[in-house]
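Worksheet for the structure shown next.
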Amino acid sequence: MALDYIEIKGGRRLEGEVQISGAKNAALPALATALLTSKKCVLQNVPDLQDISTMLKILEHFGARSQSFDSTYEIQIENLGSVEAPYDFVRKMRASVLLLGPLLARNGMARISLPGGCAIGVRPIDLHLKAMESMGAVISLQDGYVEARAKKLKGGEFTFGQVTVTGTINSMMAASLADGESRFLNCAKEPEVIFCGELLKSMGAKIEGLGTPTILVKGQTSLSGFSHKLIPDRIESGTYMVAAAMTKGEVLIRQTCPQYLEAVIRALKDSGANVELQSQDDILVKGANEICPLNIVTQPHPGFPTDMQAQFMTYLCLANGESQMMETIFENRFMHVPELMRLGAKITIQGSKATIKGNASLVGAPVMATDLRASASLVLAGLVAKGTTKVHRIYHLDRGYEKMEKKLALLGANIQRVPQA
Ligand code: UD1
């Protein structure tokens, strides 16, 4: 694992255009979907990220042949070579749980090490397992592995006790090859869920209700391959929008999707930033001289995304008054706070509520990234801090942001990756 760090000399106003990459959180399930068919699957606009390489390595372990040209990937898994996802792969990425549904549906059995990934809370997978049980799977847990068996999955009905993004996608994938119709209630409505549902439909699955809480899936005996272009990464988009606003800059966010970003756009506008849609795909963000404080509550889509919480915390450190941030999705997602405080932020935490004092004069220091979005919040802090900020453990950042330091440098930031042996 590279121990590279990112060094930022703060104080530059960001200006220019930034091109948004394909969505990591749509790419990972889309790649897992290739397990449902022996036919060729083609995915375009795939970002060059550590999590994508990890997923491809896992698929190769299952017998995938893959090739890529620029950001287009072709994958085919004619014969499944294995049905076990070992710890060594899974510990690197929680999204490996997405292998469970497709493996079980195609092969009648799956054995997956319990997932790792970002250390943000307990993050159980009980709802994934219960949804599989509702389709007739028998689940057992042994030696850190989940084993699921079902000769043939059968249509079932399941209500998610909590809205889960990958849980909804996993269930749709499994149900697409089940015998009969499945009905899932209290489903996630995130754009990545809709994207994966559309992908499954293009493979021949019959799915209704995407983007609503109730999804119906009519299983098929087999599915064809797919050729699809990934949707833009809304969290990457939002991160650069905050970067523009907090440096009082002017940045055109290109090839994104404004509809996915309504809650983020609303929050930025409420803070005083100027946000204009320039076309169907482009958003112009101009920072204001004064940043107004905000009260934000994270919610499942279309609410304010938990994956933007850390970045907004950094932004609100600069507001001209006290802000509040309530995290309702994950119970341990304030790990960036002690690091931000090392830079001079004044934040207090009470349970799931953070109070951000505002008017902070951030000063550069060495800081340590703890998870993907926390890393982004520290890079943002470095952009406005006086002096030099060194963000260590950026392997978290590399999991989810394509060439972040290069994109920021193109916008005028004084930022570089310092390679370490
Ligand atoms: C996905 C995203 C992640 C984002 C999160 C919430 C991917 C690859 N990752 O993660 O970036 O932060 O959605 O928008 O798409 N839960 C359970 N039991 C389960 C499943 C979830 O209790 O079986 C809980 C979780 O602990 C959490 C909440 O449900 O409190 C939502 O988690 P979930 O939507 O499942 O997150 P992920 O799909 O893992």
Options ALA288, ALA245: the member that is in contact with a Gly (Cβ under 6 Å, 6 or more places away or on another chain), crowded, with 20+ Cβ neighbours inside 10 Å and among the aliphatic types (A, V, I, L, M): ALA245
Answer with yes or no whether SER202 is touching a Gly at 6+ places or on another chain (Cβ under 6 Å), more than 12 Å from the ligand (Cβ to nearest atom) and within 18 Å of LEU43 (Cβ to Cβ). no
Give, as residue ranges, the helices (runs of 4 or more DSSP H) completely inside region 1-110 that count at least 3 residues that are within 15 Å of the ligand (Cβ to nearest atom) and either out of contact with any strand residue (DSSP E or B) (no Cβ under 7 Å at 6 or more places or on another chain) or of a type in the set (Asp, Glu) (or both). 24-33, 50-61
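Can you find a residue in region 297-305 that is in a loop (DSSP other than H, G, I, E, B), in contact (Cβ under 8 Å) with a residue 24 or more places away in the chain and within 13 Å of ARG373 (Cβ to Cβ)?
First pass over region 297-305, keeping only residues in a loop (DSSP other than H, G, I, E, B): 299-303, 305.
Okay, now just the ones that are also in contact (Cβ under 8 Å) with a residue 24 or more places away in the chain, so 299-303, 305.
Filter once more, keeping what is within 13 Å of ARG373 (Cβ to Cβ): 305.
Taking every residue of region 297-305 in turn, at least one turns out to be in a loop (DSSP other than H, G, I, E, B), in contact (Cβ under 8 Å) with a residue 24 or more places away in the chain and within 13 Å of ARG373 (Cβ to Cβ).
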Contacts under 7 angstrom Cβ, first residue in region 310-321 being surrounded by 24 or more Cβ atoms within 10 Å (Cβ to Cβ), partner part of a loop (DSSP other than H, G, I, E, B) and charged (D, E, K, R), 6 or more apart: none
Failed item in (1) within 14 Å of the ligand (Cβ to nearest atom); (2) not in a loop (DSSP other than H, G, I, E, B), with THR328 passing the rest: (2)
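Return the only residue of ASP307, ASP282 being away from the ligand (no atom under 16 Å from the Cβ) and under 30 Å from THR212 (Cα atoms).
Values: ASP307 fails: away from the ligand (no atom under 16 Å from the Cβ).
After ruling out the rest, the residue left standing is ASP282.
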Just to be sure before I move on: is GLU157 out of contact with any Cys (no Cβ under 6 Å at 6 or more places or on another chain), closer than 18 Å to VAL83 by Cα and acidic (Asp, Glu) in the structure I sent? no
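Quick one: in region 184-220, of everything that is assigned to a loop (DSSP other than H, G, I, E, B) and among the β-branched types (Val, Ile, Thr), which residue is surrounded by the fewest Cβ atoms within 10 Å (Cβ to Cβ)?
Of region 184-220, the ones assigned to a loop (DSSP other than H, G, I, E, B) are 186-190, 203-205, 209-214, 219-220.
Subset that is among the β-branched types (Val, Ile, Thr): 212, 214.
Details: THR212: 10, THR214: 12.
Only one residue tops the list, namely THR212.
Name the residues in region 252-279 that are among the acidic types (Asp, Glu) and within 16 Å of the ligand (Cβ to nearest atom), would you? Walk me through how you get there before you give the answer.
Of region 252-279, the ones among the acidic types (Asp, Glu) are 262, 270, 276.
Once the filter is applied, which keeps residues that are among the acidic types (Asp, Glu) and within 16 Å of the ligand (Cβ to nearest atom), region 252-279 yields only GLU262.
Checking the conditions here, which among LYS386, LYS357, LYS353 is of a type in the set (Lys, Arg) and either touching a His at 6+ places or on another chain (Cβ under 9 Å) or closer than 22 Å to GLY238 by Cα (or both)? Break it down into steps so the answer makes sense when it comes.
On the way: LYS386 fails: either touching a His at 6+ places or on another chain (Cβ under 9 Å) or closer than 22 Å to GLY238 by Cα (or both); LYS357 fails: either touching a His at 6+ places or on another chain (Cβ under 9 Å) or closer than 22 Å to GLY238 by Cα (or both).
Criteria check complete, one pass: LYS353.
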Please find, within region 214-264, the residue that is farthest from PHE184 (Cα to Cα) out of those that are touching a Phe, Trp or Tyr at 6+ places or on another chain (Cβ under 8 Å) and charged (D, E, K, R). GLU236
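Laboratory data are not the source of any read-out in this text; all were calculated from the coordinates shown. Everything numeric in this text was worked out from a predicted model, so none of it was measured. For neighbour counting, all protein chains shown are included, and Cβ atoms are generated from backbone atoms with ideal geometry for every residue, glycine included.
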